[in-house]
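Okay, so here's the structure we're looking at.
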Amino acid sequence: MDTRGRTGLAVAGVAALGASFLLGVVAAGGAGTTVAPPIGIGPTNPPATPPVQLTDAALTAPSSCEDLLDSYVRRGVERVGPYGWDFPVYAAMEGSAVTDGLAEPMSEQRALPAPGVVEQESSDTGSNVQEVGVDEPDVVKTDGGLLVRVRDGELVVLDVTGQRPVELGETDLPADLRSAELLLAGDTVVVTGGTDDEAYDRNRESRVVTYDLSDPAAPLLVDHRGYDAGLVQAVQHDDVVRLVLTTGLPELDFVEPRFWRDREEARDDNRRVVQDSRVLDWLPTVTTYDAEGRATGSEPLLDCSQVTVPRDAAALGTVAVVGFEAADPTAATAIGVATDTRIAYFSPTRMYLATSDVSGWGCCTDVMRPAPPFGDVGRSRIHAFALRAATASYVASGLVDGVLADWWSMDEHDGVLRLAVGQSMETGDFNSVLTLREDGDDLEEVGRVDRLGVGEDIHAVRWFDGLAIVVTFRQVDPLYPVDLTDPDDPRLLGELKLPGFSDYLHPISGQRLVGMGQDASRQGVLRGAQAVLFDVSDLTDPRQTDLVRYGRASAAGAGIDPRQFTWLPEQQTALTVVTRGGRTGWVSVLAVDGRELSHRMVEVEHGSDVDAVRLVPLPDGRVVLVTGGDVEFFEV
C-alpha cells in the first residue's frame, strides 16, 4: 500500500533483463579514517575491467574514457554559442496530438478491487513524507526519545521523554554549510546541505556530514565530504542513505565577442574549447574535510566504467547516484548517467530519473523560440533503476508525451510507474495520468487518461494503490479521481469543481482528504489560504463537506512544503502552518468531526524562521513544536 503525493526522482535482477553496469566503490576518509586509493580516471587511463555492455538499451556503457569524452563533446558542441553554453533555436511546431473526448467512467461491472484512499501518518522520524517507507531530510528528526534539530549553524540534541524537552548536547556544523537538513538512522545523523559561496550556482558543492550520537551529550563528527554537484534529492531506505547529484554543464574557459572577434568567431573558438575539454571536466569530484573544515583530499567520484551514456538525444551533464550505510559513509557505491535531471523519485524498491523540460504549448508557428538542450519538447524521458542494499542498477528507460512538474508527479506501485503530466505540444492544453510497465529494457506506456483540467495546471496529486486524485486550477478547482486498479485501462471516475485550489492533499480515515491551498473567487482571483475537507467515499461523486478560510494575505505552508503538515490519527486532528502577511506564522489546529472541520489558531513564530516551523508527533501521542529558537510540547 502506498499513499502520498503532491505536485510545488549489489546489482539487482538485471541479468535477466540483459542490462547491467559496474558499480564502483568510492572510499575516502576524513580525519581519523583510512583513505582508499584514488579511483583511476582520465583519457589515458581506461578502466582495468571492461564495463558490461547494455545491449539494445537506452543507456550504453562506453568502452573507454575516450568514448565517454567523445559522447560529451559531440553533444557539447551543439550546445555552445558565442557567449558559452547556449540553447539552440527551433521553429515552433504547428498543431499537437490532442486526444479527442473525455475518458469514460469505470463500468460498474469491472471485477477489480474498488479503489480508495488510505490514511497516512508521519514517518518513523516524525516527518510528513511523500512515500511510505522512504524517509526524507528535514530540519528536525526524532526516534521517540531523542530529538535532533539544526539551529543557527548548530546540531542540537534534546531529550523529549520528560515533562519538557531538555537539551543534552550540541555541536557546530561546518561554518560554510547552508540549508542544512537531517536524516536519522539509529545513533547516526547524516546532515545534507550546500555551501554558501556558490548558493546560486547549479554546480555548487553539496555537503554530507555524519555524526555519531552514541553519547547524545557529545555528538561526534564521523565524516565530512563535499561533492562539486547540486543535490537533486536525498532519501533514506532503512539505514541506507541515497543521494542524487547533478553537475549540469561544466565551467570551461569560453570567450565572448569583442571588437576583434565577431560572434561567429567566438562561437567557433568556444566549440574548440569544448573539443579540447577533458573527461574530468564533465565528472563530479568528492572532497574530504577534517574536523576543522580543511580539505584533506579530492578525487573523482566516478570512474569512466561507472558512467552510462543515453543512446538518444538527452540533456547534457552528469547525474551521479551515491549510496551508503548511514553508519559507514566512507564505503559508498556510485553510478553515473551522462545526462542532467532535476527530478528523481524513489519508491521502496525503485529509483526513477526524469528529464522534463518546456512544454512547448502555446507556441506560435512564426516565432523562433529557445529549445531545450535535448530536443524532447513537450516530452519526459525516464530511466528506471532497481535498488538493493546501498546499490542501484539500471533497468529500463522510456519516453512519454507530457511534462512532469517534480517528483511528486511520479509514483510506483506493484511494478507499475504512474505519472501525472502537464499540458504540452505533444498532447494539448490538458493534463494526463498515464501508466508504464517495464518490458525488457523499455518502459512502455500501457494506459492513459487525458483531458484532465483543460486549460489548467496541475496543483496537487495524491497516489494510492489503485487510485490517483488530481487537482488542477485556473479559475475553479477541479478534483479528479482516476481509477488505476487496472493499469492497462485507467478510468476517470468523477469530477468536483470548486473555486480555489488545493496545493497539498492528505488522506485521513473514512475515505476523506484534507486539502490545503488557496481560496479564490469564481473569476480565479486568489483570496487567501484555505483548508478543505473532501469526502471521496463515492469516487464517482466526490464532495466538499466543509471549508476553513484564513483570510486575505494568508498562505498555507503545506502547499509549498508538505513537512509543515502533521496528521494525528488518534485525535483526528491536523496541525498545519499558516502564515499571515508573509512574516507571522500560526499553527492551525484542524479537528475533523465526521463531515465537519473546526479550528483554532496559535501564533508561534515571526520572520524568516516561519519556514522552519515543524510539529513532530511522538509515539506516546504528544507533539513537539519546533520553532526558530524554541522546542516545546504543543497542546493539541
**Fill in**
Binned at 10 Å starting from 0, the alpha-carbon pair-distance distribution of the range 484-535 in whole percents comes out as 22, 39, 29, 9, 0
**Asked** Using a simple charge model, +1 on the beta-carbon of Lys and Arg, -1 on the beta-carbon of Asp and Glu, nothing else, what dipole does the range 494-636 show about its Cα centre, in debye to the nearest 20?
**Response** 500
**Item:** Nitroxide proxy distance, nm - points 7 Å out along Cα→Cβ at Asp124 and Val77
**Value:** 5.4
**Where labels lie 7 Å past Cα in the beta-carbon direction, separation of Asp290 and Thr584 in nm** = 5.1
**Request:** Take every Cα pair under 8 Å in the range 201-341 that's 6+ residues apart, average their separations, divide by the length, and report that relative contact order as a whole percent.
**Result:** 24
**Asked** Does anything in the range 324-346 have its amide N under 19 Å from the 7 Å Cα→Cβ label point of Leu220, and if so which residues?
**Response** 325-331
**Request:** Determine, from the Cβ-Cβ distance of Glu495 and Glu444 and an R0 of 22 Å, the FRET efficiency 1/(1 + (r/R0)^6), rounded to the nearest 0.05.
**Result:** 0.15
**Complete:** If R0 = 30 Å, then Val166 and Glu635, at their Cβ-Cβ distance, give a FRET efficiency to the nearest 0.05 of 0.95
**Message:** When only alpha-carbon atoms are used, what values of Rg and Dmax, in angstrom, describe the range 133-200?
**Reply:** 12.9, 43
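I want to verify the translational diffusion coefficient of the range 245-358 in µm²/s; compute it with Stokes-Einstein, Rh as the Kirkwood radius over Cα pairs, at 20 °C and 1.002 mPa s.
Numbers: Rh = 16.9 Å.
Approximately 127 µm²/s, per Stokes-Einstein.
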**Request:** Translational diffusion coefficient, Stokes-Einstein: compute it for the range 219-264 using the Kirkwood radius over C-alpha pairs as Rh, at 20 °C and 1.002 mPa s, and state it as an integer in µm² s⁻¹.
**Result:** 143
**Complete:** For the range 445-519 the translational diffusion coefficient, Stokes-Einstein from a Kirkwood Rh over Cα pairs at 37 °C and viscosity 0.692 mPa s, in µm²/s, is roughly 258
**Prompt:** Percentage of Cα-Cα pair distances in the range 491-636 greater than 25 Å, rounded to whole percent?
**Reply:** 27
**Fill in**
Taking R0 as 60 Å and r as the Cβ-Cβ distance between Asp67 and Asp609, the FRET efficiency 1/(1 + (r/R0)^6), rounded to the nearest 0.05, comes to 0.75
**Request:** Round to a whole angstrom and tell me the spacing of the C-alpha centers of the range 573-634 and the range 304-343.
**Result:** 38
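We did not get these values from a lab; they are worked out from the coordinates using the rules stated. A quick note: this is a predicted structure, and the numbers were derived from the prediction, not measured. Quick reminder, even Gly has a Cβ in these numbers, built from the backbone with ideal geometry, and neighbours come from all protein chains shown.
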